[in-house]
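A short worksheet on the structure shown next.
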Amino acid sequence: MDVILTENVKGLGQIGDVVTVKAGYSRNYLIPKGLAVEANQRNIKELEHHKRQLTRKSEKLSQEAADIKARIEALECVFTLRASEEGKLFGSVTNMEIEASMAEQGVEIDRRKIQLDKPIKTLGEHEVDIKLNAGVNAALKVKVVDADAVIETSETPVEAAPEVAEADQAE
C-alpha cells in the first residue's frame, strides 16, 4: 500500500515521501497516529501543491535573508569601553549590546541569531557571525576601542591648537 508521510518516520522516510508499506502497518499505525495519509490522486495533487507553495516561500525567505545579509555586512559596531594596559576589557561585549548597537543603526535582529561563543573581552576588531533564515550567515564587524585612548586623542588636538596660535603670534 502506498502512503504519503506527513511526519518524519525513523527508518521509513521524511515528510512528503511516498513510500510503500504493508496494509496493516499503514491502517493500524501510520494513518491513526497521523504520520501518513493514503496516496490517492487527491492527496498526491495536494502534496504537489504544498511543495510548490513551500518552494515559493523558501525562495522569498532566502531573498529577504540575502538583503539583510548585505545590510549587516555594511555595518560596523563600535564600542568604547575601559580596558587594562594589556588590552583586556573591564566587562565585556555581549550579544545584547551588539543587538542594541545594530538596532540604533537601523537593523533589527533577534539576539539569539547572533552567534557569539563567549563575550568579547579584548580590544580590537572582531568578526561575529549572525545566523539568518534559509541557512544564510552574515559576518558583522565589531570594533572595541579603549575609552581612555579616545579621551587622550580628543584632548591632544585641543591643547595643540593654542600653542600653534601663540607660535604664529610670536613671529
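Every number here is computed from the coordinates shown, using simple stated rules; none is lab data. Given the structure is predicted, the values throughout are model-derived calculations rather than measurements. No Cβ is skipped: glycine too gets one built from the backbone with ideal geometry, and neighbour counts run over all protein chains shown.
Overview of values
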| quantity | calculated |
| --- | --- |
| For S92, S84, order by how many other beta-carbon atoms lie within 10 Å, fewest first | S84, S92 |
| Residues A100 and T122, FRET efficiency given R0 of 30 Å [Cβ-Cβ distance, rounded to 0.05] | 0.90 |
| The stretch 1-40 versus the stretch 47-99: alpha-carbon centroid distance in Å | 39 |
| Label point distance in nm, Q41-D67, each placed 7 Å from Cα along Cα→Cβ | 4.2 |
| Selected from N137, N28, N43 as most flexible by GNM, with the chain as the system and alpha-carbon contacts under 10 Å | N28 |
| With Cα atoms, 0 to 90° folded angle of helix 95-104 axis to the chain main axis | 80 |
| Proxy reagent accessibility, fewest Cβ within 10 Å first, across I15, I98 | I15, I98 |
| Label-point separation, Q53 to A74 (7 Å along Cα→Cβ), nm | 3.5 |
| Relative exposure of M102, M96, judged by other C-beta atoms within 10 Å (fewest first) | M96, M102 |
| Surrounding net charge for G91, when Lys and Arg each add one and Asp and Glu each subtract one, Cβ distance under 12 Å | +2 |
| In degrees, nearest ten, helix 147-170 long axis to first principal axis of the chain (Cα) | 30 |
| DSSP loop trypsin sites (Lys or Arg not before Pro) with at most 15 other Cβ within 10 Å: longest gap in the chain | 83-171 |
| Added length on full extension, which subtracts the Cα-Cα distance from 0.36 nm per residue, D110 to N28 | 25.1 nm |
| Highest-fluctuation residue, E108, E86, E125 considered, GNM on the chain with Cα pairs under 10 Å | E86 |
| Length gained when the stretch R82-D148 is fully extended (0.36 nm per residue, less Cα-Cα span) | 23.1 nm |
| Sequence-separation-based contact order of the stretch 73-127, relative, with Cα cut under 8 Å and 6+ spacing, percent | 39 |
| Debye log10 I(q)/I(0) for the stretch 72-129, one point scatterer per Cα, at q = 0.22, 0.27, 0.31 Å⁻¹ | -0.90, -1.24, -1.46 |
| Top of E127, E76, E38 by mean-square fluctuation, Gaussian network on the chain, Cα under 10 Å | E38 |
| Point-charge dipole on Cβ atoms (K/R +1, D/E -1) for the chain, about Cα centre, debye to 20 | 2540 |
| Extension gain (nm, one decimal) between Q14 and A134, 0.36 nm per residue minus Cα-Cα | 41.3 nm |
